[in-house]
Each structure stands twice: as C-alpha cells, then as structure tokens.
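Working notes, structure below.
The values are calculated or read from the model by the stated rules, or taken from the named source; none is laboratory data. Keep in mind the model is a prediction, meaning the values are calculated, not measured. Cβ placement follows ideal geometry from the backbone for every residue including glycine, while neighbour counts extend to all protein chains displayed. These accessible areas exclude ligands, DNA and RNA; they are computed on the full protein's heavy atoms, side chains included. Shrake-Rupley method; radii C 1.70, N 1.55, O 1.52, S 1.80 Å.
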Amino acid sequence: MTLKTQYWQVNPTCPEKEIIIKAANLIKAQELVAFPTETVYGLGAAAFQTQAVEKIFMAKGRPEANPLLLHLSRMEQVESVAKEIPPVAEMLMERFWPGPLSIILSARETVPAIVRGGKTTVGLRMPAHPVALALIDQTGPLAAPSANLSGRPSPVNAEDVKADLDGKIAAVLDAGRTGLGLESTIIDFTSRGCRILRQGGITVEELEEATGMAIAINDRGQEQYHHYQTNSQLLLCQTWEEIENSLADIKHAKKKLALVYTYVEKKNARWESLKDKYPQHQSYDLDISSASNRLYSLLREAEEREFELLLFTPLPEKPGGIGRVILDRIYQAARGSSK
C-alpha cells in the first residue's frame with residue numbers, strides 16, 4: 001500500500017513542539033517517521049511495537065536477520081533494555097553520548113526479537129541532534145536504521161530520504177543536511193574485551209585514548225554493514241599512470257565519466273594535465289580528512305547525472321582518524337558497485 005508521505009520542515013536547533021508531537025503521534029500509531037541525527041537520517045519505529053518494527057524491514061527491503069539500533073534520549077533508558085553495563089561501556093557513554101557511538105550490550109528479554117535480529121544482544125545509541133532527542137523524549141526508545149533502501153548510500157538530507165522511501169513511510173522531519181554524513185561507530189562489549197564492528201563518527205584513536213587500550217577492528221563483523229550499491233561503477237587507481245591508462249580506455253569506450261579528486265591539497269599539476277587531455281569529464285573534490293563528509297551526496301549526485309564511471313585519484317595508504325573511516329566507505333562502495 002502506498003502512503004502519502006508528509007514532509008515537515010523543523011528547526012534543527014530548536015524544534016517546534018507541535019511538529020514533534022505530530023511526528024510522535026504517528027510513531028505511537030505504529031507508523032514510520034524519518035528524522036535527522038548528527039550522522040545521517042534515521043527511520044524510526046516504536047521499539048517495543050513488533051508490528052511497527054516490521055514495517056522498517058518492509059519499507060527498506062532489509063533482511064530481518066540484520067539487527068536494528070535502539071535510539072535513546074536519556075541514560076536511564078539504557079537499564080530498561082540492557083542486562084548489564086560494563087564499566088568501560090558506561091565510561092564511553094559518559095564520554096561520547098550524545099554522539100555518533102553505538103554500543104552493543106546483552107539485551108533484556110523485553111527487547112523484541114525482531115529488533116535484536118534474533119540475537120541476545122542489542123545496539124544502543126544516543127544521537128546528538130536536538131530534533132532526534134526531542135522526538136525520542138516524546139516516544140521513548142526508537143528502533144532506527146538509516147532512512148534509505150537497503151543497499152543505497154545513507155541519506156544526509158530529506159531529499160535523499162524522499163528519493164528512496166517516498167510513499168513507503170508516514171512522515172519525514174526535514175531539518176536540513178546532517179553534519180557528519182557518516183554513520184555511527186559500532187563497538188561490541190558482549191564478547192571478551194571489546195571490538196569495533198563498524199568504523200564511524202567516533203574514531204578508533206578517540207576510543208583507544210578514552211579506554212587506554214588497543215581496540216580490535218573486526219572486519220568480519222563489518223560484513224553485515226556493507227552496502228552503498230550504486231549505478232555508477234567506482235574505479236580506484238593506485239598511481240597517476242594507472243589513472244591515465246584508465247582514462248584512455250574509458251575515452252575509447254565512450255563512457256560517461258566523473259573524476260573524483262581525493263587529495264587534501266587541491267588540484268595539482270598532474271590533475272591539470274588530465275583536465276587538458278580529457279576536458280569533457282566532470283570532476284569532484286572529496287576531502288577525506290574532513291569531519292563533514294560528502295561521499296554519499298557525491299554518489300547519489302553521480303547517479304542522478306548518469307555517470308557510468310567514477311574514477312578516484314590515488315588514495316592515501318594509511319590515513320588516520322576520520323580519513324580511515326571515509327576510506328573504508330569508499331572501498332565498500334567500490335565493492336558494491338562491482339556487483
């Protein structure tokens with residue numbers, strides 16, 4: 001059944017109470033509402049209403065084995081859904097919440113199995129966005145993945161949500177573009193020690209500094225988060241010579257191309273020479289050291305403009321901080337585009 005999705009513009013720093021209440025009433029009526037966070041837009045359902053949560057999987061086309069994060073607005077809500085809180089996890093909550101850190105703990109039986117993906121654990125997050133917090137204050141905990149079709153780049157504005165979910169959900173709270181443009185970091189405390197399942201808005205360095213210990217990045221754990229399938233194929237080159245060879249092949253094949261320039265320093269002499277040789281191609285700048293990432297917007301825009309290929313200039317080998325996270329997302333998108 002197709003819904004008429006409502007779009008409500010809301011003040012991002014001081015959300016209008018009447019709009020928040022309208023959105024909360026939809027949630028309480030077991031409908032889905034997309035809302036902004038400091039990372040990407042989320043798709044919220046009442047966490048303890050199984051039928052409402054089922055709608056998330058239907059709207060997104062998401063496999064039901066994939067667990068959902070619970071979004072909270074107050075610390076006391078943690079105890080209502082988690083069996084125990086290890087001291088180091090509590091310390092990270094105090095340090096980074098509200099913020100882009102999701103923490104996996106052992107779940108209480110009150111958390112529906114569909115939220116847990118059939119597991120005995122639950123992921124918890126407290127978003128650092130006034131609109132999200134105001135909504136959760138009215139509704140209680142929300143089960144909320146990103147507000148996009150499964151396999152699509154995460155949405156960083158209401159237009160992205162509309163492109164994927166218009167007619168599938170009840171409403172969208174439009175507070176403009178999100179700040180970070182990257183999903184939250186997911187850290188798991190349900191096995192011995194802790195491990196990162198998904199790199200995100202809180203970097204490995206920040207977590208290790210806060211905990212005083214080395215934290216493993218579980219590459220196998222990240223498999224369930226691989227997505228970003230696009231109609232534009234991503235080509236990653238290691239050298240400028242490789243780029244020139246690829247451009248020659250692309251020109252011969254007459255494919256529509258965009259070049260993505262990823263160095264922090266702006267266009268250098270090598271880039272200018274390519275521009276002279278191939279004046280017909282579009283180019284994008286992507287600063288992978290920036291805390292405000294535009295990779296997902298770039299991927300969606302390239303699709304809209306029907307670029308068949310996105311050719312990336314040489315990527316740094318071992319970036320630190322947020323650069324490592326953005327590089328991870330580029331590699332994910334490249335894998336998804338090759339399928």
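Can you tell me which of 296, 263 is under 21 Å from residue 319 (Cα atoms), crowded, with 16+ Cβ neighbours inside 10 Å and modelled with pLDDT under 70? Give the steps one after another, and end with the answer.
Values: 296 fails: modelled with pLDDT under 70.
The unique qualifying residue is 263.
Note on the stretch 134-185: residues that are buried (at least 22 other Cβ atoms within 10 Å of the Cβ) and on the phi > 0 side of the Ramachandran plot amount to 1. Annotation for the stretch 43-50: at least one member residue is among the β-branched types (Val, Ile, Thr) and either farther than 19 Å from residue 183 by Cβ or without any contact (Cβ under 8 Å) to a residue 12 or more places away in the chain (or both).
Per-residue answers, yes or no, for (1) at pLDDT below 95; (2) under 23 Å from residue 228 (Cα atoms); (3) surrounded by fewer than 19 Cβ atoms within 10 Å (Cβ to Cβ):
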| residue | (1), (2), (3) |
| --- | --- |
| 18 | no, no, yes |
| 36 | no, yes, no |
| 41 | no, yes, no |
| 72 | no, no, no |
| 84 | yes, no, yes |
| 94 | no, no, yes |
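Yes/no per residue for (1) in a helix (DSSP H, G or I); (2) in contact with a helix residue (DSSP H, G or I) (Cβ under 7 Å, 6 or more places away or on another chain); (3) touching a residue at least 12 places away in the same chain (Cβ under 8 Å); (4) not aromatic (Phe, Trp, Tyr):
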{"residue": "180", "(1), (2), (3), (4)": "no, no, yes, yes"}
{"residue": "192", "(1), (2), (3), (4)": "no, no, no, yes"}
{"residue": "209", "(1), (2), (3), (4)": "yes, no, no, yes"}
{"residue": "214", "(1), (2), (3), (4)": "no, yes, no, yes"}
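Inspection of the stretch 22-32 finds a residue satisfying the criterion of being open to solvent by 10 Å² or more (accessible area, probe 1.4 Å), within 19 Å of residue 168 (Cβ to Cβ) and touching a strand residue (DSSP E or B) at 6+ places or on another chain (Cβ under 6 Å). Annotation note: of 235, 247, the sole residue that is surrounded by 14 or more Cβ atoms within 10 Å (Cβ to Cβ) and modelled with pLDDT of 85 or more is 235. Scanning the stretch 300-321 for residues that are within 17 Å of residue 181 (Cβ to Cβ) and at pLDDT below 90 returns 319, 321.
Condition first: at pLDDT below 80, of a type in the set (S, T, N, Q) and surrounded by 14 or more Cβ atoms within 10 Å (Cβ to Cβ). Can you find one or more residues in the stretch 209-218 that meet it? Let's see the steps before the verdict.
Residues of the stretch 209-218 that are at pLDDT below 80, as a first pass: none.
Among the residues of the stretch 209-218, not one is at pLDDT below 80, of a type in the set (S, T, N, Q) and surrounded by 14 or more Cβ atoms within 10 Å (Cβ to Cβ), which makes the answer no.
Residues in the stretch 279-301 that are closer than 14 Å to residue 232 by Cα and of a type in the set (D, E, K, R): 300, 301.
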